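Novice: Sharing a structure with you now.
The values are calculated or read from the model by the stated rules, or taken from the named source; none is laboratory data. It should be emphasised that the depicted structure is a prediction, and the values quoted were computed from it without experimental measurement. Because the Cβ atoms are built from the backbone with ideal geometry, glycine has one as well, and the counts that use them run over all protein chains shown.
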């Protein structure tokens with residue numbers, strides 16, 4: 001079990017904190033909005049009304065013992081910077097920051113965060129990828145031009161083994177896992193001689209252009 005701290009709630013911070021708490025992790029949340037704190041209190045370890053940018057406040061709450069911090073202070077870049085600096089002072093190793101623009105992301109990376117998150121942009125890109133590929137179900141962007149996507153098995157692949165399809169050679173993509181939907185079983189690094197069925201979905205990784213090509217197959 002890890003200890004997390006979420007600074008700033010709003011829609012994104014609230015959802016992240018609740019999801020972590022529901023998974024049994026030790027979660028501290030800090031926000032000035034007492035109503036949000038009250039709504040979340042039952043789902044997390046500690047919910048405190050306070051200034052997420054104030055070093056002394058964070059010290060008193062034991063934030064320095066956190067393994068991971070998520071900064072979600074809305075559109076206020078100054079608050080993101082101050083909260084991140086306080087976390088650096090408390091020696092929190094991994095810091096993830098919700099950002100609202102490329103300039104915001106650039107500033108946060110410059111002051112040394114683990115990564116930045118664009119919730120709206122990432123959701124929009126996932127939806128665009130889904131509606132553009134008829135076989136595409138889910139999408140996770142891992143970096144520029146590269147992603148992991150869940151897709152239905154194209155009809156032209158039914159009854160064929162992973163080895164027969166030679167996906168790395170023909171499409172430059174890799175099957176990471178197979179999900180047998182009927183039995184609700186997931187096979188990570190599946191047997192290359194496994195024959196694909198219409199009830200399977202595939203978790204595939206590769207360049208987005210290659211994945212889009214595969215998703216358009218009949």
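Novice: How about region 72-86: which of its residues are closer than 21 Å to residue 18 by Cβ and at pLDDT 95 or above?
Specialist: 83
Each row is one residue, and each column tells you yes or no for (1) crowded, with 19+ Cβ neighbours inside 10 Å; (2) touching a strand residue (DSSP E or B) at 6+ places or on another chain (Cβ under 6 Å); (3) at positive phi.
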residue	(1), (2), (3)
14	yes, no, no
24	no, no, yes
30	yes, yes, no
38	no, no, no
56	no, no, no
60	no, no, no
85	no, no, no
88	no, no, no
106	no, no, no
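Okay, residues lined up against (1) over 23 Å from residue 78 (Cα atoms); (2) touching a helix residue (DSSP H, G or I) at 6+ places or on another chain (Cβ under 6 Å); (3) touching a residue at least 60 places away in the same chain (Cβ under 8 Å); (4) part of a loop (DSSP other than H, G, I, E, B):
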{"position": "1", "(1), (2), (3), (4)": "yes, no, no, yes"}
{"position": "13", "(1), (2), (3), (4)": "no, no, yes, no"}
{"position": "27", "(1), (2), (3), (4)": "yes, yes, no, no"}
{"position": "30", "(1), (2), (3), (4)": "no, no, no, no"}
{"position": "39", "(1), (2), (3), (4)": "yes, no, no, no"}
{"position": "42", "(1), (2), (3), (4)": "yes, no, no, no"}
{"position": "48", "(1), (2), (3), (4)": "no, no, no, no"}
{"position": "57", "(1), (2), (3), (4)": "no, no, no, no"}
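Novice: Which fully enclosed helices (runs of 4 or more DSSP H) of region 117-218 have 2 or more residues being at pLDDT below 85 and under 29 Å from residue 12 (Cα atoms)?
Specialist: In region 117-218, 119-132, 208-215 are the helices (runs of 4 or more DSSP H) which contain 2 or more residues that are at pLDDT below 85 and under 29 Å from residue 12 (Cα atoms).
Novice: For residue 92, only one of the following conditions fails: (1) in contact with a helix residue (DSSP H, G or I) (Cβ under 8 Å, 6 or more places away or on another chain); (2) farther than 19 Å from residue 118 by Cα; (3) assigned to a helix (DSSP H, G or I). What is its number?
Specialist: The number of the failed condition is (3).
Novice: Which members of region 62-83 meet the condition of being part of a helix (DSSP H, G or I), in contact (Cβ under 8 Å) with a residue 12 or more places away in the chain and surrounded by fewer than 23 Cβ atoms within 10 Å (Cβ to Cβ)?
Specialist: Matches in region 62-83: 64, 65, 77, 79, 81, 82.
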